[in-house]
Amino acid sequence: MLLSEYKSKELLAQYGVPIPAGRLARSAEEAEDNCARISAKKYVVKAQIAAGGRGLAGGIKFAATPSSVHDESEKLLGSKLVTEQTGRDGETVNAVYVEAAHDLKSQFFIAFALDSETGRPMLLASKDGGVEFEQRARMDAETVKTLVLDDDATGLGDFLTSLGMGAGAEAPVRAAAEAFVKNDMTLLEINPYAQASDGNWLAIDAKVALDTAAAFRHPEFDGFTAEQGLSDVESEAQKSNINLVRLDGNLGVIVNGAGLGLATNDMIVDAGGTPANFMDIRTTATSFDIARGVEILLKEPRVKALLLNVHGGGMTVCDTVAEGVAFAYSRSNRKPPCIARLAGVNASWGQQILEDRKVPVEVRDDMKSAIARAVELAGDV
Amino acid sequence: MAILVNKDTKVIVQGMTGRAGTFYADQAMRYGSDYVGGVRPGRGGSKHLGLPVFHDVATAVKETGATASLVVVPAPQAADAMIEAIEAELDVVVCVTERVPQHDMTRVKQALEGSKTALIGPNSQGILTPDQCKIGVMPTKDATPGGVGIVSRSASLTSEILANCSAADLGQSTTIGIGGDALHGLGFVECLKLFREDDETEVVVLIGEIGGREEELAAEYLADVSYEKPVVALVVGREAPPGRRMGHAGTLSALGALSASEKIAKLRNAGAVIAEDASDVVTKVIAKKNG
């Protein structure tokens, strides 16, 4: 779960990471009022969405006076930001973060993740702050230096010095490392991590990803989810043991397993089709869970056909999935054609259920022909 | 032959008395695997599925001579269960539990350092040597013994490819899932090493995806040792939109991870035969066996 900037900073501040003075606002008036409570010569207004790529999409505006904070906030609030990570529909800006803007002497990039080799926290750092973490990692692996941290963070000071940071830079980084571990973060990015002209080090922007698998020991995570205003559809699906990602196309896709889901997605695009979603039914999902997931797809008018691609095994057997699909169809007014490719455990039983319950189903024996037919039925976007 | 597990492997189940533990232990025993006991703290001395239940792993190993464990405990307890099995010096530990917190794996990885245990998972479908031993959750109806070794990161896609292989009369030596999480035990490289030394394995199928560095490391290894056996590789997720959370939990964090097409290029340069999509894998295996 990706936290928005203000929530990320609030968490870091609790561990002693210095952040610029700032306040959240949900209206332009509130944003302007906030300025009175922030000691600053000038301000920055930042759209709060839970996706990266915000700066490039025009979601960060500098403002010299409280009245221009008002005007910039008015423009941002209610608008939709479309970034590389939001999909075509973009994400609505429901809140802005008004912050003191600082003159910066130097800007760095730091991030924490777990090292897949040792399992220990790893610090990634670079001299050039500013660029999005994922872009940076993709384009510029050479300039990012890494340090795997032991329990005492041995060698941290030398590591930061070697990158050109002064002595004052270490304490906030240690504090950030503690926040990373104690909050079950899977990613913590502070970018830029900057030294202001008064010499103080600040987390100017921060992005935190929390491990929702650890929510059982963090009751506060539930509150974060609600505040984030995640896509209703995706969080509804999460509750039903289904990982669902909305895409822009017209072919609804029901698949068990992440790998088979990705393979199916590739083959749909290869065949000239456009997936409406990515779906991975977890092995713990019941028929009822699956019905909820299918209902979400049936409700979307742009979905012109459904592709059911299931390889039954473990506890996700074909009849379980078919029961869920049949139930969702029985309760839906929209009944787009369903192409079913069932294999593995109880495949013919599953097929029987779909036919008996009057699901408008066409059965295919292999993935390739099922996908070709589903793409044909979905037609042009 | 085969890798890691065979007809002599004696398996205990951690969490055997639960719903999932009962289900998977029962299925594996019906398949003919040698399951010898279960572990459930507080229930030592009882019986379940006709097998003795022990309070802890060490006692279970002492009493039964178990060499492997299937960990089917809820996620909050999974790390402790894996560590207990590693400390009991089992040869193979398979954890199928999904949604184990990433930070818990810090402790598990520390326990693995210098140990003799091969950890498979977590969030893995497990390991299957057809007609000999199943430790995991995968279906067995389409598995047949033979010369194809399969290593993968995902369960249902592997079942699909395994079924395609069997339908084409290509049996399997061993099928192993390294798990879908970012932090896990055995990786592709260790599995490739094991298949390389296994006489029975003639062709290796490697099923990777976007996210993480497993495919890249595998490519480096294949090139380094001039791997003698043919490797057919599939990397899925070519068409997944960037930055979206698709695929396994471990696949979001970029951390220098290559794109699917970069991974494919690296594997191809390392000598692997690239399957265009899931249905193309078996075609490529047939071509390699006949070529």
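The values are calculated or read from the model by the stated rules, or taken from the named source; none is laboratory data. The structure displayed is predicted, hence computed values, not measured ones. Cβ placement follows ideal geometry from the backbone for every residue including glycine, while neighbour counts extend to all protein chains displayed. Calculation scope for accessible area: heavy atoms of the full protein, side chains included, ligands and nucleic acids excluded. Shrake-Rupley method; radii C 1.70, N 1.55, O 1.52, S 1.80 Å.
So here's what we get for this one:
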item: Subset of region A:332-363 [within 14 Å of chain B (Cβ to nearest Cβ) and over 17 Å from B:Ser156 (Cβ atoms)]; result: A:Ser348, A:Trp349
item: Residue among A:Pro172, A:Pro121 that is modelled with pLDDT of 90 or more and within 25 Å of A:Arg23 (Cβ to Cβ); result: A:Pro172
item: Unique match (being of a type in the set (Gly, Ala, Ser) and surrounded by fewer than 21 Cβ atoms within 10 Å (Cβ to Cβ)) among A:Ser4, A:Ser8, A:Ser73, A:Ser68; result: A:Ser68
item: Boolean, A:Ala51 is open to solvent by less than 40 Å² (accessible area, probe 1.4 Å), within 14 Å of another protein chain (Cβ to nearest Cβ) and touching a residue at least 24 places away in the same chain (Cβ under 8 Å); result: yes
item: Subset tally (residues that are more than 9 Å from chain B (Cβ to nearest Cβ), aliphatic (A, V, I, L, M) and under 22 Å from A:Arg54 (Cα atoms)) for region A:178-226; result: 10
item: Qualifying residue in region B:32-46 (condition: away from chain A (no Cβ under 13 Å), aliphatic (A, V, I, L, M) and farther than 30 Å from A:Phe180 by Cβ); result: yes
item: Unmet criterion (only one of (1) at pLDDT 95 or above; (2) within 11 Å of another protein chain (Cβ to nearest Cβ); (3) touching a Ser or Thr at 6+ places or on another chain (Cβ under 9 Å)) for B:Val281; result: (3)
item: Among residues of region A:361-381, those that are open to solvent by 20 Å² or more (accessible area, probe 1.4 Å) and touching a strand residue (DSSP E or B) at 6+ places or on another chain (Cβ under 6 Å), counted; result: 6
item: Scan of region B:220-235 for residues that are open to solvent by less than 50 Å² (accessible area, probe 1.4 Å) and either touching a Gly at 6+ places or on another chain (Cβ under 9 Å) or of a type in the set (Val, Ile, Thr) (or both), ordered by number; result: B:Leu222, B:Val225, B:Tyr227, B:Lys229, B:Pro230, B:Val231, B:Val232, B:Ala233, B:Leu234, B:Val235
item: Residues being in a loop (DSSP other than H, G, I, E, B), at pLDDT 90 or above and crowded, with 19+ Cβ neighbours inside 10 Å - total across region A:250-291; result: 3
item: Residue in region A:72-82 that is under 30 Å from A:Thr146 (Cα atoms) and at pLDDT 90 or above present; result: no
item: Test for B:Val93: is it open to solvent by less than 30 Å² (accessible area, probe 1.4 Å), touching a strand residue (DSSP E or B) at 6+ places or on another chain (Cβ under 9 Å) and touching a residue at least 12 places away in the same chain (Cβ under 8 Å); result: yes
item: Boolean, A:Ile38 is open to solvent by 30 Å² or more (accessible area, probe 1.4 Å) and either over 20 Å from the mean Cα position of the chain (by Cα) or free of Cβ contacts under 8 Å to residues at least 40 places away in the same chain (or both); result: no
item: Subset of region B:1-42 [over 17 Å from B:Gln172 (Cβ atoms), outside any helix (DSSP H, G or I) and either small (Gly, Ala, Ser) or open to solvent by 60 Å² or more (accessible area, probe 1.4 Å) (or both)]; result: B:Asp8, B:Lys10, B:Gly15, B:Gly18, B:Gly37, B:Gly38, B:Arg40, B:Pro41, B:Gly42
item: Residue within region B:134-149 that is more than 30 Å from A:Lys368 (Cα to Cα) and more than 10 Å from every other protein chain (Cβ to nearest Cβ) present; result: yes
item: Residue in region B:64-104 that is nearest to B:Leu119 (Cα to Cα), counting only those that are more than 14 Å from every other protein chain (Cβ to nearest Cβ), touching a helix residue (DSSP H, G or I) at 6+ places or on another chain (Cβ under 7 Å) and among the β-branched types (Val, Ile, Thr); result: B:Val93
item: Residues within region A:334-359 that are free of Cβ contacts under 8 Å to residues at least 60 places away in the same chain, in a loop (DSSP other than H, G, I, E, B) and open to solvent by less than 50 Å² (accessible area, probe 1.4 Å), tallied; result: 3
item: Contacts under 6 angstrom Cβ, first residue in region A:257-285 being at the interface with chain B (Cβ under 7 Å from one of its Cβ atoms), partner open to solvent by 20 Å² or more (accessible area, probe 1.4 Å) and part of a helix (DSSP H, G or I), 6 or more apart; result: A:Gly257/B:Ala155
item: Which listed residue, of A:Thr316, A:Thr320, is more than 25 Å from the chain's Cα centre (by Cα), buried (at least 20 other Cβ atoms within 10 Å of the Cβ), polar (S, T, N, Q) and at pLDDT below 85; result: A:Thr316
item: Test: residue in region A:42-60 that is closer than 30 Å to B:His184 by Cα and of a type in the set (A, V, I, L, M, F, W, C); result: yes
item: Residue among B:Ser115, B:Ser124 that alone is touching a His at 6+ places or on another chain (Cβ under 8 Å), within 14 Å of another protein chain (Cβ to nearest Cβ) and either over 26 Å from B:Val231 (Cα atoms) or open to solvent by less than 10 Å² (accessible area, probe 1.4 Å) (or both); result: B:Ser124
item: Selection count, region A:12-29, where residues are open to solvent by 10 Å² or more (accessible area, probe 1.4 Å), in contact (Cβ under 8 Å) with a residue 24 or more places away in the chain and not polar (S, T, N, Q); result: 10
item: Flag for B:Phe195 being away from every other protein chain (no Cβ under 14 Å) and either in contact with a helix residue (DSSP H, G or I) (Cβ under 8 Å, 6 or more places away or on another chain) or open to solvent by less than 40 Å² (accessible area, probe 1.4 Å) (or both); result: yes
item: Residues within region A:204-230 that are more than 24 Å from B:Thr106 (Cβ to Cβ) and in contact with a Phe, Trp or Tyr (Cβ under 8 Å, 6 or more places away or on another chain), tallied; result: 1
